[in-house]
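**Student:** Below is one structure. I have some questions about it.
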Amino acid sequence: MLYQTLPLRLSLLAIIASVCSVTIAATPEIILQAGGVIKENSDGAIVDIDLSDRPLNDQLIEALVALPKLSVLRLRRTSISDEQLGQLSSLKLRMIDLRNTNITDTGLTHLAQIQSLVDIQLEKSKITDVGVQKLADLDLKSFNANYCTSISNRSLAVLAAMPSLEQVQLDYTKINDEGMAVLAATSRLKRLRIRGVDVTGDGLIHIAELKGLSRLNLRDTSLDDAGLTVIAALPALDWLDISECRLATPDGLAQLGKTFTLTYLDLWETKTNDTVLAAFNELTNLKFLNLKATSTTDESLPTIMKMVQLSELNVAGTQLTDTSFLAFGKLPLLKKLNVANTDIGFDTIDMLLESRDDLEVIEFEN
């Protein structure tokens, strides 16, 4: 009897194997038909999928679940629901992008089950402090909750307690000086982006000992001169955006002349003037400089011409004249020059374009 049933059992196994093979083979097709972008590793396994701006359905979710090697999943601006996110909790994801979705705190309960996650992007989602607390046991390196306006110091404390934390983005949230104290212990923090928050020097003092902090975005914050004192002393700072920080005075801004490590500096709509720029004589590593809508005149030309590494210079809305514009054309590595809303002459633009085939001159802005 055993021998009679054995061929039947083998036949059933063959059918099952065949069905599984068809399912695995069909999975990439389902994703591609939905407009998804697939990346594979050297073994041919699917490890990265981008479905941003694509319609989701149950079949597509099932296809994702069937990919055991999937580690990066981008679902930006999709209709992903908390319930669908729960179906993905069996995956061993490293990164998930849920920006501009309707994911709530319930969805974060599901994300908390994916212990392999190191990077979570939740910008403009529907999460609160309650949801972020559920992620406390993860070892995140990067977290983004920009424009999640219910997020406060409570969430910042949860994130700061993660010893692996390297990048935080909390634009236009409710964090303030009091909450910043927890960042003193984030020894591995490299990037901090907190645009549009009420943080002053009283809060920024807590990042003074972060020796590895290389990128800092404080645009449209309450940054003051005391905060600039802290920033100017950061030993590894490479990238700084303090545009629209209107409380900082010229004396405070001049302190940035000590930050020799800077390669990117955005000073749009600050109180930067010729006196400030005179203090920047040694910022010769700059590759990007934005002086848009500042009180910069030709008096600052000698300082700017020392910045021979510049590849992009924005002087839109300044008081510079053709004398400076023509000189900028001699900066050896300059690729983009924004002169919108200035009194630059048509002849000057022609001369710049004729002298430099590799230089883009921006004359107008929206």
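The values are calculated or read from the model by the stated rules, or taken from the named source; none is laboratory data. Because the structure is predicted, anything quoted here is derived from the model rather than measured. FYI the Cβ positions are ideal-geometry reconstructions off the backbone, even for glycines, and counts take in every protein chain you see.
**Student:** If I filter segment 303-319 down to residues being outside any loop (DSSP other than H, G, I, E, B) and of a type in the set (S, T, N, Q), which single residue comes out as nearest to Thr284 (Cα to Cα)? Step through it out loud before you land on a result.
**Tutor:** Taking segment 303-319 as the starting set, the residues that turn out to be outside any loop (DSSP other than H, G, I, E, B) are 303-305, 312-314.
Adding the requirement that they be of a type in the set (S, T, N, Q) leaves 303, 314.
Values: Thr303: 9, Asn314: 16 Å.
Looking at the filtered set, the residue picked out is Thr303.
**Student:** Looking at Asn217, Asn273, can you tell me which residue is in contact with a helix residue (DSSP H, G or I) (Cβ under 6 Å, 6 or more places away or on another chain), buried (at least 18 other Cβ atoms within 10 Å of the Cβ) and over 20 Å from Ser311 (Cα atoms)? It would help to see each step written out before you state the result.
**Tutor:** On the way: Asn217 fails: in contact with a helix residue (DSSP H, G or I) (Cβ under 6 Å, 6 or more places away or on another chain).
Being in contact with a helix residue (DSSP H, G or I) (Cβ under 6 Å, 6 or more places away or on another chain), buried (at least 18 other Cβ atoms within 10 Å of the Cβ) and over 20 Å from Ser311 (Cα atoms) holds for just one of Asn217, Asn273, which is Asn273.
**Student:** Restrict the check to segment 172-185 and report whether at least one residue is under 23 Å from Leu122 (Cβ atoms), basic (Lys, Arg) and touching an Asp or Glu at 6+ places or on another chain (Cβ under 7 Å).
**Tutor:** no
**Student:** List every residue pair whose Cβ atoms lie under 6 Å apart, where the two residues are 6 or more positions apart in sequence or sit on different chains, the first residue falls within segment 333-352 and is in contact (Cβ under 8 Å) with a residue 40 or more places away in the chain and under 13 Å from Gly317 (Cα atoms), and the second residue, located anywhere, is among the polar types (S, T, N, Q) and assigned to a strand (DSSP E or B).
**Tutor:** Partner pairs satisfying both residue conditions: Asn338/Asn314.
**Student:** Then there's this: Is it the case that some residue within segment 19-30 is in the same structural domain as Lys134 (by TED's automatic domain parsing), of a type outside the set (Phe, Trp, Tyr) and within 28 Å of the chain's Cα centre (by Cα)? Give the steps one after another, and end with the answer.
**Tutor:** Applying the first criterion (in the same structural domain as Lys134 (by TED's automatic domain parsing)) to segment 19-30 yields 19-30.
Checking which are of a type outside the set (Phe, Trp, Tyr) leaves us with 19-30.
Then drop every residue that is not within 28 Å of the chain's Cα centre (by Cα), which leaves none.
No, that holds for no residue.
**Student:** I would also like to ask the following. Considering only residues that are farther than 24 Å from Lys69 by Cβ, in contact (Cβ under 8 Å) with a residue 40 or more places away in the chain and not in a loop (DSSP other than H, G, I, E, B), which ones fall in segment 108-151?
**Tutor:** Asn144
**Student:** Please enumerate the residues belonging to segment 152-171 that are closer than 17 Å to Gln121 by Cα, part of a helix (DSSP H, G or I) and over 19 Å from the mean Cα position of the chain (by Cα).
**Tutor:** Val158
**Student:** Conditions first: (1) more than 30 Å from Arg188 (Cα to Cα); (2) in contact with a helix residue (DSSP H, G or I) (Cβ under 6 Å, 6 or more places away or on another chain). Thr259 passes all but one, so which condition is the exception?
**Tutor:** (1)
**Student:** So is Ser81 of a type in the set (S, T, N, Q) and under 26 Å from the mean Cα position of the chain (by Cα) or not?
**Tutor:** Answer is yes for this residue.
**Student:** Same structure again: Can you name the strands (runs of 3 or more DSSP E) wholly within segment 31-105 that have at least 2 residues being more than 24 Å from Gly131 (Cα to Cα)? Reasoning before the result, please.
**Tutor:** Details: elements: 37-40, 46-50, 72-74, 95-97.
Correct list: 37-40, 46-50.
**Student:** Just to be sure I understand, how many residues within segment 37-94 are exposed (fewer than 14 other Cβ atoms within 10 Å of the Cβ), among the charged types (D, E, K, R) and more than 16 Å from Ile120 (Cβ to Cβ)?
**Tutor:** Of the residues in segment 37-94, 7 are exposed (fewer than 14 other Cβ atoms within 10 Å of the Cβ), among the charged types (D, E, K, R) and more than 16 Å from Ile120 (Cβ to Cβ).
**Student:** Within the bounds of segment 279-290, is there any residue that is without any contact (Cβ under 8 Å) to a residue 60 or more places away in the chain, more than 28 Å from the chain's Cα centre (by Cα) and more than 19 Å from Asp238 (Cα to Cα)?
**Tutor:** Checked segment 279-290: no residue is without any contact (Cβ under 8 Å) to a residue 60 or more places away in the chain, more than 28 Å from the chain's Cα centre (by Cα) and more than 19 Å from Asp238 (Cα to Cα).
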